[in-house]
Every structure is written in C-alpha cells, then in structure tokens.
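Let me begin by presenting the structure, written as structure tokens, before commenting on it.
The values are calculated or read from the model by the stated rules, or taken from the named source; none is laboratory data. Treat the numbers as computed from the prediction; the structure is a model and nothing was measured. As a convention, Cβ positions derive from the backbone with ideal geometry for all residues, glycine included, and neighbour counts pool all protein chains shown. Remember, those area values only see protein heavy atoms, side chains included, never the ligands or the DNA or RNA. Shrake-Rupley method; radii C 1.70, N 1.55, O 1.52, S 1.80 Å.
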Amino acid sequence: GSRYEGQFVQGRAQGQGCFTAVNGNTYKGQWHRDRAHGHGKYNHEDGSIYEGMWYQDEKCGSGVESWANGSQYIGSFLHGVKHGVGLYKSCNGYTLFEGQFRRDMMDGDGTYKFVDGRKYTGQWHRGHMSGQGSMEWPDGSKYQGGYQTDLRHGEGIFTWPNGRTY
C-alpha cells in the first residue's frame, strides 16, 4: 500500500520524489539510493512536520520541526534529533529557549524564558540548568551564580530590586 512517485537511477529512488506510507505519512524531496537525502519535507500523521536537510533517512543539518499544537523548533539536527544551536518556540509563538541542544535536550549555553516572566541565561546539562547562570525576575530581582539540576547551588549573589544583595 505504500507508494513512491519520482525519479529512479538503476532501479532505486534517486533525485526528486514523493513517498507515501500506508498510514498517510509522506516525504517529498530529494532521494539518494532509496533514502531521503538532501532537502525534503516530511508530514507525519499526527500533524507534525519537518522541513530541512536529510542524510540517509535521518534529519541532519538545518531544519524546522513544527508540531500540531503550533510549537516549533528551528535549528540544527544530527542523527534525527535536535543537536547544535536552535530556537524553540511555544504554540503561541513565544520564544522559550534559544541556545545549544545535544541529543534532543538543552545542553550547553542558552537562554530560557519562563511563562511567568523569569529569564535564565547560562549553562545547561541534559535539559537542566546546571553550571553558571543568572536568573532574572519580572520585579527586578536577580540571582547570579551556580546551579545544579535546576536549583541554586554553591556560590552566588542575589540582588533585590532595592539594590540590597546577599
């Protein structure tokens, strides 16, 4: 029930083509030796879409991944997952995270904007605030120092809006 329409070279999908799976998933783009390879667009039955670069059937290079709820990731991929510098936006278009990703998680340096108005800029490890960073609150309070697994940890300076510090 699956179907490929497009160019062939020596009996293999190569060049431009469109593959439609039995479940309705589609890939339209460049092919090399029966694999998605080059620029292409993948539509998943759940409403998610990936458009960007592919390498031997895996998302690899720059691309845009969008989900049915309207959230979106714009950035780098490696071996099918978010890896490198990227930007994640929520369903209302609000930028939540801009920075480095590793194996589909925030990892490295980046800035995260919380829905309640807080903003963290600093180091991340496996999806958690870990290392040196600073947190700013909407009232003007600020903490700059160490973090470990999303909690303040070690040396740091907390500054209140009136200038008092701890």
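Annotation: of all residues in the range 20-42 being open to solvent by 70 Å² or more (accessible area, probe 1.4 Å) and in a loop (DSSP other than H, G, I, E, B), the one that is nearest to SER66 (Cα to Cα) is ASN23.
Please state which of the following conditions GLU45 fails to meet, knowing it meets all the rest: (1) surrounded by fewer than 16 Cβ atoms within 10 Å (Cβ to Cβ); (2) within 30 Å of ASP109 (Cα to Cα); (3) of a type in the set (D, E, K, R). For GLU45, the exception is condition (2). Within the range 81-117, track down each residue that is open to solvent by less than 80 Å² (accessible area, probe 1.4 Å), of a type outside the set (Ser, Thr, Tyr) and assigned to a loop (DSSP other than H, G, I, E, B). Answer for the range 81-117, where residues must be open to solvent by less than 80 Å² (accessible area, probe 1.4 Å), of a type outside the set (Ser, Thr, Tyr) and assigned to a loop (DSSP other than H, G, I, E, B): GLY93, ASP104, PHE114, GLY117.
In the set (1) without any contact (Cβ under 8 Å) to a residue 24 or more places away in the chain; (2) surrounded by fewer than 17 Cβ atoms within 10 Å (Cβ to Cβ); (3) part of a strand (DSSP E or B); (4) of a type outside the set (A, V, I, L, M, F, W, C), the condition left unmet by GLY63 is number (2).
Residue count for the range 122-154, restricted to those that are among the hydroxyl-bearing types (Ser, Thr, Tyr), surrounded by fewer than 18 Cβ atoms within 10 Å (Cβ to Cβ) and under 18 Å from MET105 (Cα atoms): 1.
What are the residues in the range 71-80 that are open to solvent by less than 70 Å² (accessible area, probe 1.4 Å) and part of a loop (DSSP other than H, G, I, E, B), if any? Within the range 71-80, SER71, GLY80 meet the criteria. Considering each of ALA13, ALA68 in turn, give the residue that is within 28 Å of SER2 (Cβ to Cβ) and open to solvent by less than 40 Å² (accessible area, probe 1.4 Å). From the options ALA13, ALA68, the qualifying one is ALA13.
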